[in-house]
Amino acid sequence: MTARVQIVLPGLFDLPLEELEADLLVNELPHLNRLLRFATPRSNRSYSIDEILKTALGFDDPAGLPLAQAFARVEDHEPGHLLLSQAIHLQAGLHSAVIVPVQNNQKNLHDIDIIIKELNNIFKVDCNISAVADGLFLLHLKEFTAPTHYPHILSVLGKTANPYIEQSRQNLPWYQLLNEIQMFMHQHEVNAERTSRGLLPINRLWCWGAGTLPRGFNAKPAWYCDDPVLNQFARSLGIDAESCANIDRADNSGDAILIDLRLIEFLKTGLAAELDQLLLDIDRKQLKPLLEDAAKGRRLLILRAGYEFDFELKPTARMKFWRPQKNLSNWIGHSPDL
């Protein structure tokens, strides 16, 4: 059976093409363009990072991707009570509140740690909050299960929080706790000082990654990713995590998942990188070896990017030479001609 490689590139079809030279799109991304030309589009309903990865892994649980469970400690006997948590700025508008990132710089991390330490003390009856990485925390709810409707933070930055706030009302204990935490953060002296200096207040926690691992999960695809949270999750499934840089050394006899979050990080957090260089790196170092294997009949490739279509490239697709040339500009902002 031909090995299946799933390429997870969220944000690919949301890029600001006006910032790129037309020649780059047409001539300098040959492997991406070949994939977009010869692959068969498949209707897709998995748009968030969580949903994309659940689809890639074959999870059928309607709840979120249980990333928090991967960080559970020995004393955490109730994995369904865990959430990952990150500080954000909730920017209130006339009709909505927009989720804005707080950058992981020294000043922000220092202020976040002060707030989290006091939150931990004041709400110790309700929850425990422990650091698992710079700016990332594990929240353990003591009295009730964690809500599972919150997606990965990169999937919501820049979007309105209103739908998630409304869903939270269905879990009254959680809704009340979240409101109390937000009120405390809003009034904290750290935020008064930040506001006086023209900095964004740190006035909300975004919590996600609740749920439990599915029973009987036996799949063990090769896993290529550079995100520490997703790699910790893979290890909790018994899957060895490798860097994306090693994809050219992948064993072509088995299934694999390649996950690159740099494009969505560029879009959502202002990742310090040049967009054209990001695309060139992905094209040359990741797509090139995979396309070469596919051309030899060794790989079935599936591109998943949270777009209205996934793209399936079969080894025999190279025979469809009559298909016209395509690049990102044929898909972004246009109704694709299939």
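Helix 172-187 axis versus longest C-alpha principal axis of the chain: approximately 80°, rounded to the nearest ten.
Among K296, K314, the order of accessible area from largest down is K296, K314, computed with a 1.4 Å probe on protein heavy atoms.
Could you tell me how far the Cα centroid of segment 99-159 sits from the Cα centroid of segment 204-270, in Å? Each part's Cα centre sits 21 Å from the other's.
Overall form of segment 77-192: rounded. Here a/c, set by the Cα gyration tensor axes a ≥ b ≥ c, is under 1.5. In the chain, what % of DSSP beta bridges are antiparallel (nearest 5)? Counting only bridges with both partners in the chain, antiparallel ones make up about 65 percent. Taking only protein heavy atoms and a 1.4 Å probe, the accessible area of segment 1-84 is 48% carbon and sulfur.
For segment 1-149, the orientation-averaged shadow of the C-alpha convex hull comes to 14.8 nm² (one quarter of the hull surface).
Using the Cα gyration tensor of segment 63-113, with a ≥ b ≥ c the square roots of its eigenvalues, what is the shape: rounded (a/c below 1.5), prolate (a/b larger than b/c) or oblate (neither)?
Judged from the Cα gyration tensor, segment 63-113 comes out oblate (a/c at least 1.5, b/c at or above a/b).
An ellipsoid equivalent to segment 120-271, defined through the eigenvalues of its Cα gyration tensor, has semi-axes of 34, 21, 14 Å when rounded to whole angstrom and sorted largest first.
Counting only the Cα atoms, the chain fills a convex hull of 150 Å³ per residue.
Between the listed residues L291, V125, N171, the Cα displaced farthest toward the positive end of the dipole of the chain, a dipole computed from Cβ unit charges relative to the Cα centre, is found at L291. With 0.36 nm allotted per residue and the present C-alpha distance subtracted, the D276-D251 stretch has 6.1 nm of extension available. Residue ranges 61-67, 167-173 sort as 61-67, 167-173 when ordered by packing (mean number of other C-beta atoms within 10 Å per residue, highest first).
If you count only protein heavy atoms with a 1.4 Å probe, what accessible area per residue comes out for segment 1-52, rounded to a whole Å²?
About 47 Å² of surface per residue is accessible.
Given I181, V156, N108, which one lies farthest toward the positive end of the charge dipole of segment 101-190, if we put +1 on the Cβ of every Lys and Arg and -1 on the Cβ of every Asp and Glu? Result: V156, furthest along the dipole toward the positive end.
Could you work out the pair-distance distribution P(r) of segment 209-333 from its alpha-carbon pairs, with 5 angstrom bin width and percents rounded to whole numbers? Histogram of Cα-Cα distances, whole percents per bin: 2, 8, 15, 20, 21, 16, 10, 5, 1, 0. Ligands, DNA and RNA are left out, and with a 1.4 angstrom probe the accessible area of segment 160-262 is 50 Å² per residue.
Each peptide in 149-155, 256-262 gets a packing score, the mean of other Cβ atoms within 10 Å over its residues, and the list from highest to lowest is 256-262, 149-155.
About its Cα centre, the chain has a charge dipole of approximately 920 debye under the convention of +1 per Lys or Arg Cβ and -1 per Asp or Glu Cβ, with nothing else charged.
The values are calculated or read from the model by the stated rules, or taken from the named source; none is laboratory data. Here the structure is a predicted model, which is why all the values come from computation and not from measurement. We place every Cβ from the backbone using ideal geometry, glycine too, and count neighbours over all the protein chains shown. Surface accessibility is based on the protein's heavy atoms, side chains included, excluding ligands, DNA and RNA. Shrake-Rupley method; radii C 1.70, N 1.55, O 1.52, S 1.80 Å.
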